[in-house]
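Down below is the structure, laid out as structure tokens.
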């Protein structure tokens, strides 16, 4: 399980659009999108670290500096993953990748996301 946050200087609609493009390019699956676009939930697929992938929730909040993204991950508990308790760092890597690639999609260049 991981939680990372980042504030971006762009408006919420632009950040959401960039995040959706990252999700589509990565072939991750959107499970839920809040009608006012303040929350998005998606999941990844099978990997060498988890049988069923990760479930990822992203909250977008308008702040004076732009848009704050809060990314939470957890093991997607289906099938064999029902008994898996450790994600071997995959959740944090996916959260970093989603944030970093959203920044790139917004034209911010290559951004390294540290732990927070």
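The values are calculated or read from the model by the stated rules, or taken from the named source; none is laboratory data. Not measured: the values here are computed from a predicted model. Methodologically, a virtual Cβ is constructed for each residue, glycine included, from the backbone with ideal geometry; neighbour enumeration extends over all protein chains shown.
If you go through segment 15-41 and keep only what is crowded, with 17+ Cβ neighbours inside 10 Å and not in a loop (DSSP other than H, G, I, E, B), you end up with 15, 16, 18, 19, 20, 22, 23, 40.
Considering only residues that are outside any strand (DSSP E or B), in contact with a strand residue (DSSP E or B) (Cβ under 8 Å, 6 or more places away or on another chain), modelled with pLDDT of 85 or more and under 21 Å from residue 2 (Cα atoms), which ones fall in segment 62-113? 95, 96, 98, 99, 102, 103 - these are the residues of segment 62-113 that are outside any strand (DSSP E or B), in contact with a strand residue (DSSP E or B) (Cβ under 8 Å, 6 or more places away or on another chain), modelled with pLDDT of 85 or more and under 21 Å from residue 2 (Cα atoms).
For segment 91-105, a residue qualifies if it is under 15 Å from residue 42 (Cα atoms) and touching a helix residue (DSSP H, G or I) at 6+ places or on another chain (Cβ under 7 Å), and the qualifying residues are 98, 102.
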